[in-house]
Amino acid sequence: MFTLAFPGQGSQQPGMGRFLFDNFKIAQETFEEGSEALKQDMKKLCFDGTEAELALTENTQPALLLVSTATQKVLRNDLGVKAVAAAGHSIGEYAALVAADVIRFDEAMRAVRTRGQAMQSAVPVGKGGMVAVLGLEPDQVETLCNFVVKNSGFGPLSAANFNSPGQIVISGSQQAINWLKDNFKPEVIFTEAPKRAKLIPLTVSAPFHCEMMKPAEDKMRLVLTAMEFNKAAFPIIQNFHAKAETEGNILRENLIRQVSAPVRWTQSMEVLKSMNHAQVLECGAGKVLQGLLKKIDGDFFKVMTTTSMEDLKTIEDSLKA
C-alpha cells in the first residue's frame, strides 16, 4: 500500500508525460479528457511547450494536474498500485483529490486554470516576490518576517512553504523583500544567531501562499463552492493544517483557504509518518518531493519517482516482491 504524493509548481518541465502517452492507453485518454475540458491541446503544451510557456501559472497548474492524474491512473490501472493515503504540494492537492474521487478530473482542470489566472492577477507584476530561507527554524522565520515588516515599513511578509527542515520559503511585498536583501544581518535580528542562514530569491510570477493572494482565494471560493466534493476514498493530508481529512466539505474549505495560507509540507509528512506510511510514490513530473522527503526523514520514507519507463519498472518489481 502506497501514499500517492503529487508535486507542485517548479516541477514542470518540457516533454513531461510523453512516455506515459506513448505507452499507456489510459494516459492517452486522460490527455484527451484534459484537452477537451480546457478546449486546448494539452499534449502540445506538455510535450512541445517551452520552459517559458510552461512557467506561466495558468499553464503550469493544469499541466501538472494532467500529468499527475495520468501518472496515478497508469499506476493504479496498469500496475495495480493500491493507495492508502495521498498528499499534494500546493497545486498538487487537486491531483490528490482527483485520485481519491473527491472531485471530477474535468472540473478540476477548469478550476486550476482559473486558480492560475486568479493567482497571477491578484498582485500586479513586480509588487510581490518569494525568497527561500535556508538554515532557519520555523519560529526564527516568523521572527525574521516580523522584524522586516516592523523595521522596513513594508509588508506583508510571511512563511509560504514549510518544505523541509531548514528550507522555508517566505512570500509577500517585493519592497519588504528588497529591504531584507539589503539589511539581512542574522546577528542583529536573532538573540542567538544561526550558524548558516542564507537567502535565495526565487524566480516566480507572484507572491503565492500569503495574504496578498486573498483576491484569488475569494475567486476560488466561488469556483469550488459550485463544485461537488465527495467523501474521499482514502485520507488526504491537507496543506492548510497538515491533518488527514476525508469529508468533502472539510476538504473543500481547506482547499479554498490553501490559496493564501502556507503550505505545511514538512508538518504534513510528519503526520504521514505518524500514520506509519513509509512507502511513497511521487506521481508526476520531476523528483522534488523525493528530495524533500529525504531531508524530512530519509531513513523512514521510501520514495519512488515516476518520470520514466525505468521508474515504472522499478515500482512494478517492488509490487511483485
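The values are calculated or read from the model by the stated rules, or taken from the named source; none is laboratory data. Because the structure is predicted, anything quoted here is derived from the model rather than measured. With ideal geometry, Cβ positions are generated from the backbone for all residues, glycine too; neighbour counts draw on all protein chains shown.
Taken over segment 164-198, the residue count meeting the criterion of being surrounded by fewer than 16 Cβ atoms within 10 Å (Cβ to Cβ) and either not assigned by TED's automatic domain parsing to the domain that holds Asn151 or not in a loop (DSSP other than H, G, I, E, B) (or both) is 7.
Checking each residue in segment 218-245 for being assigned to a loop (DSSP other than H, G, I, E, B), surrounded by 15 or more Cβ atoms within 10 Å (Cβ to Cβ) and in contact (Cβ under 8 Å) with a residue 60 or more places away in the chain picks out Met227, Phe229, Asn230, Ala232, Phe234, Pro235, Gln238, Asn239.
Wholly within segment 250-321, which helices (runs of 4 or more DSSP H) include no fewer than the required count, namely at least 3 residues that are within 16 Å of the chain's Cα centre (by Cα), aromatic (Phe, Trp, Tyr) and under 28 Å from Arg18 (Cα atoms)? Write out each step before concluding.
Values: elements: 265-274, 288-297, 309-320.
Counting at least 3 such residues, we get no helices (runs of 4 or more DSSP H) at all.
The set of residues in segment 174-188 being aromatic (Phe, Trp, Tyr) and closer than 18 Å to Val123 by Cβ consists of Trp179 alone.
Taking only pairs six or more apart or across chains, which ones have beta-carbon atoms under 6 Å, a first residue in segment 74-101 that is farther than 12 Å from Phe6 by Cα, and a second residue that is at pLDDT below 95 and surrounded by fewer than 22 Cβ atoms within 10 Å (Cβ to Cβ)? So the pair list comes out as Lys82/Met1; Val84/Met1. Here Met1 meets each of (1) under 19 Å from Val303 (Cα atoms); (2) touching a helix residue (DSSP H, G or I) at 6+ places or on another chain (Cβ under 9 Å); (3) not small (Gly, Ala, Ser) with one exception, condition (2).
Annotation: Lys287 fulfils all but one of (1) surrounded by 15 or more Cβ atoms within 10 Å (Cβ to Cβ); (2) over 24 Å from Pro62 (Cα atoms); the unmet one is (2). Residue count for segment 110-159 under the criterion of being more than 30 Å from Thr191 (Cβ to Cβ) and touching a helix residue (DSSP H, G or I) at 6+ places or on another chain (Cβ under 7 Å): the result is 15. Exactly one condition in (1) closer than 21 Å to Thr71 by Cα; (2) modelled with pLDDT under 95 is not met by Ala321; state its number. So Ala321 meets the others, but not (1).
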